[in-house]
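Okay, structure first, notes after.
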Amino acid sequence: MNGTSIVRLVALVVWLGLAARAASAQALVEADFSKGDFATLGWKAEGAWDVFEYPAPAGKNPGRVARFAANQPDGTLTRSFAKANDPARLTLSLDYGWGWGDAGQQADAVAFQLLDGQRNGYLFEIHRCKTTWAVQWGRVADGKPSGNNVWAPIEIDATRAAVRDGGGLGTVTVTREAGGAWTMSSPGWNGGRGGGITFTDATTNSFEQIVLLGTRNFDEQVFNRIALTVAAAEPVQARPASEFLGSVGIVTTFPDRGQPLEKTIEMVRYCGFRWVRGGIEGVTEDGPTTIQTYLDLHRETGARFSWGLVSGGTDVDRLLRTGRVLADAGALLAFEGNNEPNNWGVTYEGEKGGGGAPSWIAVAKLQRDLYRRVKGDPALAKYPVWSISESGGQTDNVGLQFLEIPAGAGTLMPEGTKYADSVNVHNYTYHPGSPGVEDNKTWNAADPTSACKVDGLFGNHGRTWAKQFAGYSEAELRTLPRVTTETGTTIGGDITEEIQGLNLLSTYLAQFARGWSHTAVYLLRDRTDEAGNQSFGFYRADYTPRKGAVYLHNLTTILADDGPPAAPARLQYTLRPRPATVHDLLLQKRDGTFFLVVWNERLRGSDEITLRLEKRVAGMTIFDPTVGTNPVSSPGETDTLTLSLSDHPLVIAIPGRFAAE
């Protein structure tokens with residue numbers, strides 16, 4: 001078992017949406033065994049299969065179904081179809097169940113495979129129980145399962161009453177997006193609340209067979225209503241280039257920690273940072289760091305500030321007073337709660353919380369009051385409030401894993417308590433759960449689900465890392481408003497300056513592509529005022545830029561723009577093949593030009609990727625931010641480009657007149 005499997009509590013509306021999308025796609029298989037025998041419907045049966053109708057209660061009677069008899073040698077029911085080669089979206093839906101037996105009979109399972117012409121592909125397996133191994137997937141080679149199935153990290157309830165007992169059939173849906181992003185889900189799991197697993201695997205990219213497996217079970221295995229559809233690629237909606245640039249932030253020191261403002265201005269301007277994490281810690285009337293320091297940095301660079309209580313701070317009055325000064329100057333981005341209360345506790349209204357205290361109630365009350373005060377201030381109410389960081393460290397369930405505590409959450413703070421508009425996470429790229437250099441390092445750190453191996457969104461707001469308090473479902477996490485106020489990569493061991501630079505570049509891209517509105521990297525320049533932070537920086541302590549600074553400067557310069565287009569357009573394109581390490585982000589500038597960023601997060605080697613456009617395009621240019629800010633290539637008129645992608649992004653500029661209609 002490994003951690004690439006993800007539990008996903010799927011709302012029924014999500015499943016229905018998938019089904020509706022599939023209905024408009026090209027159907028490769030449509031099988032209803034009430035309408036004919038196996039041969040008539042194009043299936044090949046081997047073993048104890050038949051078409052049978054159970055004497056079940058009328059309301060739950062599925063009618064004629066494909067049945068595999070109990071206690072029989074293994075068999076297969078196979079349907080071949082027209083080859084689907086790395087489809088933009090593949091959806092397989094089928095009904096399944098058991099003819100008789102106990103609803104929680106753990107030994108019972110149903111299984112099926114999706115295979116290519118050489119009988120390589122994937123196994124999907126559902127066990128009749130409530131456990132982490134109730135739903136599984138695995139690879140198949142030459143028709144034989146690998147024997148190393150992947151389980152869910154938390155339990156799924158897949159129990160089901162027998163057809164004879166009125167349990168009817170359940171429905172399971174498997175979807176595959178281009179590049180190998182899989183979801184296996186059912187609205188009936190977890191007592192009707194829905195659930196499933198997701199994983200990414202591109203070992204097999206084409207498909208030509210569905211195989212229903214008849215296995216030696218105590219109870220009869222039942223299938224029906226099998227539908228397989230594929231959808232052509234749809235035009236991709238561009239996002240404003242200015243929106244991506246606005247997400248690029250930094251954590252830095254100030255004069256009170258020995259870094260002159262002039263040097264900070266120079267570094268922020270060169271790299272193109274649009275926002276800086278700030279706060280009242282270290283800010284005094286007499287300096288060396290004052291509120292004017294921040295105003296001067298804004299005036300010289302245009303950067304805005306998240307404004308926080310920082311580590312252990314509780315002075316909400318001062319936070320709002322200084323925040324109004326920033327807001328008046330157009331320099332305020334958002335308010336932020338306490339920094340890592342698990343490490344730096346607070347004393348609020350005479351009560352200790354976080355740190356070594358036994359409770360987090362004081363932390364919760366402080367964040368609640370901060371939110372109330374901001375939203376009750378006419379001059380500040382429009383600014384978002386970001387949560388504390390490290391909500392997963394709660395020692396008692398005060399509900400800080402939520403933006404607003406929902407009904408029935410069972411928290412110590414009351415239902416309806418509002419804490420923030422966006423959650424705030426410190427998902428550093430390297431973590432004890434993922435300490436080594438590997439493919440897709442930053443893509444995984446940005447993953448909103450339990451597949452994330454680091455201190456990410458799931459461990460803070462899905463199921464808290466310290467005490468396993470329940471928060472949002474995985475389906476909810478995917479759309480949860482979120483920011484990162486600290487992430488980064490420190491040089492040392494296998495992490496060279498080159499790897500750090502590539503990690504930092506892909507961090508901003510991966511975060512934005514995966515739904516993080518703002519990302520601040522720690523650190524602008526190596527710290528000289530404290531130990532342990534001497535190789536995080538974009539800059540060395542002597543103010544010389546590392547490769548990460550140069551690469552980011554190049555990217556932000558290539559994408560530089562004054563504002564969003566009036567209405568971002570769509571572009572029709574495909575990337576084939578799509579290894580799991582290849583990602584893309586479509587941006588558009590105010591003048592209408594598309595900038596397609598395509599990057600590979602492969603540690604070694606490269607992939608040849610074909611970019612196909614809907615129509616022939618003239619005037620394209622290709623940039624490589626690890627080389628410079630000028631184009632490295634200007635292809636002639638074409639609808640096809642071959643890209644060699646290794647460990648960094650390429651940026652393809654495409655004239656806006658070629659937008660999809």
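The table for this structure:
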{"item": "Filtered residues of the stretch 248-295 (kept if of a type in the set (S, T, N, Q) and surrounded by fewer than 17 Cβ atoms within 10 Å (Cβ to Cβ))", "result": "Thr284, Gln292"}
{"item": "Qualifying residue in the stretch 396-403 (condition: crowded, with 19+ Cβ neighbours inside 10 Å and touching a strand residue (DSSP E or B) at 6+ places or on another chain (Cβ under 7 Å))", "result": "yes"}
{"item": "Test: residue in the stretch 257-267 that is farther than 30 Å from Gly628 by Cα, among the hydroxyl-bearing types (Ser, Thr, Tyr) and not in a strand (DSSP E or B)", "result": "no"}
{"item": "Residue list for the stretch 362-402, filter: free of Cβ contacts under 8 Å to residues at least 24 places away in the same chain and part of a loop (DSSP other than H, G, I, E, B)", "result": "Gly376, Pro378, Ala381, Lys382"}
{"item": "The stretch 105-135 - residue that is surrounded by fewer than 16 Cβ atoms within 10 Å (Cβ to Cβ) and under 20 Å from Val222 (Cα atoms) and, of those, farthest from the chain's Cα centre (by Cα)", "result": "Ala107"}
{"item": "Filtered residues of the stretch 576-618 (kept if surrounded by fewer than 17 Cβ atoms within 10 Å (Cβ to Cβ) and in contact with a Ser or Thr (Cβ under 8 Å, 6 or more places away or on another chain))", "result": "Arg576, Arg590, Gly605, Ser606, Asp607, Glu608, Thr610, Arg612, Arg616"}
{"item": "Total residues in the stretch 159-187, condition on the phi < 0 side of the Ramachandran plot and in contact with a Gly (Cβ under 8 Å, 6 or more places away or on another chain)", "result": "15"}
{"item": "Within the stretch 229-238, considering residues that are in contact with a strand residue (DSSP E or B) (Cβ under 6 Å, 6 or more places away or on another chain) and either under 22 Å from Leu524 (Cβ atoms) or of a type outside the set (Val, Ile, Thr) (or both), the one surrounded by the fewest Cβ atoms within 10 Å (Cβ to Cβ)", "result": "Gln237"}
{"item": "Residue match in the stretch 310-318 (condition: buried (at least 20 other Cβ atoms within 10 Å of the Cβ) and within 19 Å of Leu524 (Cα to Cα))", "result": "yes"}
{"item": "Scope the stretch 522-553; condition closer than 21 Å to Pro260 by Cβ and either among the aliphatic types (A, V, I, L, M) or in a helix (DSSP H, G or I) (or both); matching residues", "result": "Leu523, Leu524, Ala541, Ala549, His553"}
{"item": "Residue within the stretch 449-468 that is of a type in the set (Ser, Thr, Tyr), in the same structural domain as Gly312 (by TED's automatic domain parsing), modelled with pLDDT under 95 and in contact with a Leu (Cβ under 7 Å, 6 or more places away or on another chain) present", "result": "yes"}
{"item": "Residue within the stretch 525-545 that is crowded, with 22+ Cβ neighbours inside 10 Å, β-branched (Val, Ile, Thr) and either more than 26 Å from Glu438 (Cα to Cα) or touching a residue at least 24 places away in the same chain (Cβ under 8 Å) (or both) present", "result": "no"}
{"item": "Some residue of the stretch 638-658 being among the hydrophobic types (A, V, I, L, M, F, W, C), touching a residue at least 40 places away in the same chain (Cβ under 8 Å), part of a loop (DSSP other than H, G, I, E, B) and farther than 19 Å from Glu234 by Cβ", "result": "no"}
{"item": "Residue within the stretch 168-185 that is of a type in the set (Lys, Arg), within 25 Å of Trp98 (Cβ to Cβ) and touching a residue at least 60 places away in the same chain (Cβ under 8 Å) present", "result": "no"}
{"item": "Subset of the stretch 156-189 (residues that are part of a helix (DSSP H, G or I) and β-branched (Val, Ile, Thr))", "result": "Val163"}
{"item": "Considering residues of the stretch 324-342 that are in a loop (DSSP other than H, G, I, E, B) and among the polar types (S, T, N, Q) only, the residue farthest from Ala357 (Cα to Cα)", "result": "Asn339"}
{"item": "Tabulated pairs, the stretch 577-591, first touching a residue at least 24 places away in the same chain (Cβ under 8 Å), second of a type in the set (S, T, N, Q), C-beta under 7 angstrom, 6+ apart or interchain", "result": "Pro577/Asn205; Ala580/Thr200; Ala580/Asn440; Thr581/Asn440; Thr581/Asn600; Val582/Asn600"}
{"item": "Filter result for the condition that a residue is over 30 Å from Trp133 (Cβ atoms), part of a strand (DSSP E or B) and either modelled with pLDDT under 95 or assigned by TED's automatic domain parsing to the domain that holds Arg482 (or both), over Gly287, Gly196, Gly278, Gly282", "result": "Gly278"}
{"item": "Residues that are on the phi < 0 side of the Ramachandran plot, within 11 Å of the chain's Cα centre (by Cα) and of a type outside the set (A, V, I, L, M, F, W, C), drawn from the stretch 483-522", "result": "Gln511, Arg514"}
{"item": "Filter result for Thr519 (surrounded by 18 or more Cβ atoms within 10 Å (Cβ to Cβ) and over 19 Å from Arg602 (Cα atoms))", "result": "yes"}
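The values are calculated or read from the model by the stated rules, or taken from the named source; none is laboratory data. Computed from a predicted structure; not experimentally measured. So basically every Cβ, Gly included, is an ideal-geometry build from the backbone, and we count neighbours across all protein chains shown.
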